[in-house]
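Undergrad: Sharing a structure here in structure tokens format.
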Amino acid sequence: MEVKILSAKFDIEDAHLLEVAKKHGAYKTLDKVFSMEPGQVIDEVKNSGLRGRGGAGFPAGVKWSFLPKDLDKPVYLAVNSDESEPATFKDRYILVKDPHMMIEGIIICCYAIGCHDTYIYIRGEYTSQVKVLQRAIDEAYEAGYLGEKVDGHDFRIDVTVHRGAGAYVCGEETALLESIEGKKGQPRSKPPFPAVVGLYDCPTIINNVQSIASLPFILDQGAEAYKVYGTERSSGTHLFGISGHVEKPGMYELPLGLPMPEVLEKVAGGVWKGRKLKAVIPGGSSTPVLTAEEIKTVTLDYESMAEHKTMFGSGGIVVLDETVDVVKLVENLIYFYHHESCGQCTPCREGLGWMLKIVKKIIGGEGTAEDIDLLVELCDNIEMKTVCVLSAACTMPVRSYLNKFREEFEAYVN
Ligand SMILES: Cc1cc2nc3c(=O)[nH]c(=O)nc-3n(C[C@H](O)[C@H](O)[C@H](O)COP(=O)(O)O)c2cc1C
Ligand code: SF4
């Protein structure tokens with residue numbers, strides 16, 4: 001079931017070093033890319049159907065074409081390497097095992113959108129990863145893949161690594177821009193969207209690490225070759241981080257569209273210790289949970305997740321066995337999002353704190369049936385009434401646990 005496109009070099013020793021990466025094909029697309037018109041590169045990416053791998057699944061080529069035409073301002077690219085969503089650990093593989101694949105992707109994107117300055121915003125906790133990444137960037141400069149004349153072509157690209165300081169919210173694209181500008185990492189109201197008013201008020205494209213790292217294959221082999229993998233509307237492959245109660249947790253590259261039960265069984269070795277499956281978190285902690293019964297008809301693509309009223313998210317799948325206490329899981333979940341709230345919206349800052357108090361009260365044996373209803377009411381009153389969707393990233397999954405495992409909350413109350 002596994003495929004090797006993004007992960008092709010992951011098992012090769014020292015593939016993070018330029019010399020080794022080059023032997024295995026790094027930067028070989030550049031001649032072809034520079035022989036194309038920028039618009040042709042954008043069309044190729046559009047035709048590939050590549051959807052943003054940061055969580056929302058917005059088509060990458062379409063986003064690029066939102067940049068205003070006839071610009072009199074510079075265009076920036078920000079590569080989102082914040083990767084702080086609980087259960088998500090795919091981008092770090094790219095950063096440490098094949099950083100040159102991402103740098104090649106940056107060059108392709110910059111050429112397509114007419115950008116000369118890229119910022120890589122990397123999660124503050126990624127201390128060893130940032131060293132590998134910076135070394136790869138330095139090597140790319142020395143070899144002439146970055147700098148004044150990229151690969152000998154009349155095109156400049158400079159890449160700056162910007163380290164976060166440990167705030168989850170800085171993965172939200174506009175908070176990320178504020179943080180790069182040296183301000184407090186708080187999301188901006190949208191519109192205007194960053195493609196029009198972004199970094200330093202200039203048009204800016206923000207793409208996830210994996211989205212950018214998918215570009216060398218697409219430009220080398222062509223959109224059709226990419227679409228061989230996946231489904232019609234969810235093309236290509238994805239790095240799935242499977243964790244939790246499975247025999248073989250790990251990071252697996254799979255084509256989109258595979259049946260979830262088969263993946264959990266055949267790829268991740270099934271539920272550990274011979275226990276029964278209780279539920280699955282399909283794409284990072286912010287995605288609504290699926291019950292053991294529901295997953296029987298789920299395939300790993302954007303459409304199937306939407307049909308099952310959840311989201312594909314970051315591809316971080318968490319398997320929960322029958323021993324999991326859902327109420328304590330929800331406490332942990334709300335604690336995280338409340339702690340990470342930037343505080344500028346009252347429903348998020350106060351509401352999530354209120355929800356946490358109620359769940360703690362329920363766990364402490366002091367809760368009532370009304371408290372369970374109050375939790376649902378709070379979810380309704382918080383969601384989509386805030387500047388960014390961090391609050392919804394908490395209330396959407398919480399509502400799903402309340403709907404699907406209400407009896408566990410009632411057991412505490414009773
Ligand atoms: C609270 C919050 C945290 C986010 N964290 C990340 C992150 O760590 N990495 C990421 O790529 N996108 C993250 N996103 C999504 C980004 O805002 C943005 O949609 C994404 O980087 C766009 O890239 P893509 O189109 O390539 O997916 C986050 C969004 C929110 C609301
Ligand atoms: S929803 Fe929360 S994290 Fe997002 S801007 Fe408002 S307070 Fe900040």
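The values are calculated or read from the model by the stated rules, or taken from the named source; none is laboratory data. Remember, it's a predicted structure, so these values are computed and weren't measured experimentally. For neighbour counting, all protein chains shown are included, and Cβ atoms are generated from backbone atoms with ideal geometry for every residue, glycine included. Side chains are part of the model used for accessible areas, which takes the heavy atoms of the whole protein and leaves out ligands, DNA and RNA. Shrake-Rupley method; radii C 1.70, N 1.55, O 1.52, S 1.80 Å.
Undergrad: How many residues does region 223-241 contain that are open to solvent by less than 10 Å² (accessible area, probe 1.4 Å) and touching a helix residue (DSSP H, G or I) at 6+ places or on another chain (Cβ under 7 Å)?
TA: Looking only at that region, the number is 6.
Undergrad: Contact list please: Cβ distance under 9 Å, first residue in region 312-323 and farther than 22 Å from Asp301 by Cβ and of a type in the set (Val, Ile, Thr), second residue at pLDDT 95 or above and away from ligand 2 (no atom under 16 Å from the Cβ), pairs at least six apart or on different chains.
TA: Hits for this filter: Thr323/His245; Thr323/Arg275; Thr323/Lys278.
Undergrad: May I ask you to say which residue of Gly152, Gly171, Gly105, Gly166 is among the small types (Gly, Ala, Ser) and farther than 25 Å from Phe240 by Cα? Before you say what the answer is, go through the steps one by one.
TA: Working: Gly171 fails: farther than 25 Å from Phe240 by Cα; Gly105 fails: farther than 25 Å from Phe240 by Cα; Gly166 fails: farther than 25 Å from Phe240 by Cα.
Exactly one residue qualifies, and that residue is Gly152.
Undergrad: Only one of (1) among the charged types (D, E, K, R); (2) in contact with a helix residue (DSSP H, G or I) (Cβ under 7 Å, 6 or more places away or on another chain); (3) away from ligand 2 (no atom under 16 Å from the Cβ) fails for Glu383. Which number is that?
TA: Tallying (1) among the charged types (D, E, K, R); (2) in contact with a helix residue (DSSP H, G or I) (Cβ under 7 Å, 6 or more places away or on another chain); (3) away from ligand 2 (no atom under 16 Å from the Cβ), Glu383 fails exactly one: (3).
Undergrad: Moving to a separate point now. Restricting attention to region 256-274, which residues are in contact with a Phe, Trp or Tyr (Cβ under 6 Å, 6 or more places away or on another chain) and part of a loop (DSSP other than H, G, I, E, B)?
TA: From region 256-274, those in contact with a Phe, Trp or Tyr (Cβ under 6 Å, 6 or more places away or on another chain) are 267; that's our starting set.
Answer for region 256-274, where residues must be in contact with a Phe, Trp or Tyr (Cβ under 6 Å, 6 or more places away or on another chain) and part of a loop (DSSP other than H, G, I, E, B): there is none.
Each row is one residue, and each column tells you yes or no for (1) open to solvent by 10 Å² or more (accessible area, probe 1.4 Å); (2) outside any strand (DSSP E or B).
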position	(1), (2)
Glu125	yes, yes
Val132	yes, yes
Asp151	yes, yes
Val159	yes, no
Thr174	no, yes
Lys183	yes, yes
Ser211	no, yes
Asp220	yes, yes
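Undergrad: Could you tell me whether Glu178 is buried (at least 16 other Cβ atoms within 10 Å of the Cβ), charged (D, E, K, R) and without any contact (Cβ under 8 Å) to a residue 60 or more places away in the chain? Please lay out each step first, then the result.
TA: Numbers: buried (at least 16 other Cβ atoms within 10 Å of the Cβ): yes; charged (D, E, K, R): yes; without any contact (Cβ under 8 Å) to a residue 60 or more places away in the chain: yes.
When the stated conditions are applied, Glu178 passes them.
Undergrad: Taking region 339-358 as the region of interest, how many residues are farther than 14 Å from Asp371 by Cα, assigned to a helix (DSSP H, G or I) and out of contact with any helix residue (DSSP H, G or I) (no Cβ under 8 Å at 6 or more places or on another chain)?
TA: Number satisfying all stated conditions: 4.
Undergrad: Continuing with this model, one more query. For region 24-64, please list each of the helices (runs of 4 or more DSSP H) lying entirely inside it that holds at least 3 residues being within 16 Å of ligand 1 (Cβ to nearest atom) and in contact with a Gly (Cβ under 7 Å, 6 or more places away or on another chain).
TA: On the way: elements: 30-35, 38-48, 60-64.
Counting at least 3 such residues, we get 38-48.
Undergrad: Given the criteria touching a strand residue (DSSP E or B) at 6+ places or on another chain (Cβ under 8 Å) and without any contact (Cβ under 8 Å) to a residue 60 or more places away in the chain, does Ile113 qualify?
TA: Numbers: touching a strand residue (DSSP E or B) at 6+ places or on another chain (Cβ under 8 Å): yes; without any contact (Cβ under 8 Å) to a residue 60 or more places away in the chain: no.
Taking the combined requirement at face value, the residue does not satisfy it.
Undergrad: I want to confirm something. Restricting to region 161-211 and keeping residues that are acidic (Asp, Glu) and within 14 Å of ligand 1 (Cβ to nearest atom), which single residue is farthest from Phe336 (Cα to Cα)?
TA: First pass over region 161-211, keeping only residues acidic (Asp, Glu): 172-173, 178, 181, 201.
If we keep only those that are within 14 Å of ligand 1 (Cβ to nearest atom) as well, we get 172-173, 178.
Numbers: Glu172: 16, Glu173: 19, Glu178: 22 Å.
By that ranking, first place goes to Glu178.
Undergrad: Then there's this: For residues that are out of contact with any His (no Cβ under 9 Å at 6 or more places or on another chain) and outside any helix (DSSP H, G or I), scanning just region 306-321, find the one that is surrounded by the most Cβ atoms within 10 Å (Cβ to Cβ). Let's see the steps before the verdict.
TA: So in region 306-321, the residues out of contact with any His (no Cβ under 9 Å at 6 or more places or on another chain) come out as 306-311, 313-314, 316-317.
Checking which are outside any helix (DSSP H, G or I) leaves us with 308-311, 313-314, 316-317.
On the way: His308: 17, Lys309: 12, Thr310: 22, Met311: 21, Gly313: 25, Ser314: 30, Gly316: 27, Ile317: 28.
Residue satisfying both the conditions and the ranking: Ser314.
Undergrad: Might you check whether a residue that is assigned by TED's automatic domain parsing to the domain that holds Lys32 and without any contact (Cβ under 8 Å) to a residue 40 or more places away in the chain occurs anywhere in region 201-216? Explain how you work it out, then say what you get.
TA: Within region 201-216, the subset assigned by TED's automatic domain parsing to the domain that holds Lys32 is 201-216.
If we keep only those that are without any contact (Cβ under 8 Å) to a residue 40 or more places away in the chain as well, we get none.
Checked against the condition, which is being assigned by TED's automatic domain parsing to the domain that holds Lys32 and without any contact (Cβ under 8 Å) to a residue 40 or more places away in the chain, region 201-216 yields no hits at all.
Table: residues versus (1) within 26 Å of the chain's Cα centre (by Cα); (2) of a type in the set (Val, Ile, Thr); (3) surrounded by 20 or more Cβ atoms within 10 Å (Cβ to Cβ).
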residue	(1), (2), (3)
Pro347	yes, no, no
Gly353	yes, no, no
Lys361	no, no, no
Glu366	no, no, no
Glu370	no, no, no
Leu375	no, no, yes
Cys379	yes, no, yes
Pro397	yes, no, yes
Ser400	yes, no, yes
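Undergrad: Taking the conditions exactly as written (open to solvent by less than 50 Å² (accessible area, probe 1.4 Å) and assigned to a loop (DSSP other than H, G, I, E, B)), does Leu67 satisfy them or not? Reasoning before the result, please.
TA: Values: open to solvent by less than 50 Å² (accessible area, probe 1.4 Å): yes; assigned to a loop (DSSP other than H, G, I, E, B): yes.
Yes; evaluated as a whole, the condition is true for this residue.
Undergrad: Do you know which residues across region 70-104 are in a loop (DSSP other than H, G, I, E, B) and over 15 Å from Pro203 (Cα atoms)?
TA: So the first thing to find is which residues in region 70-104 are in a loop (DSSP other than H, G, I, E, B), and the list is 70-75, 82-90, 98.
Residues satisfying the conditions are Asp82, Glu83, Ser84, Glu85, Pro86, Ala87, Thr88, Phe89, Lys90, Asp98.
Undergrad: Something else: Does Glu331 satisfy being modelled with pLDDT of 95 or more, under 30 Å from Ala175 (Cα atoms), outside any helix (DSSP H, G or I) and touching a Leu at 6+ places or on another chain (Cβ under 8 Å)?
TA: On the way: modelled with pLDDT of 95 or more: yes; under 30 Å from Ala175 (Cα atoms): yes; outside any helix (DSSP H, G or I): no; touching a Leu at 6+ places or on another chain (Cβ under 8 Å): yes.
Answer is no for this residue.
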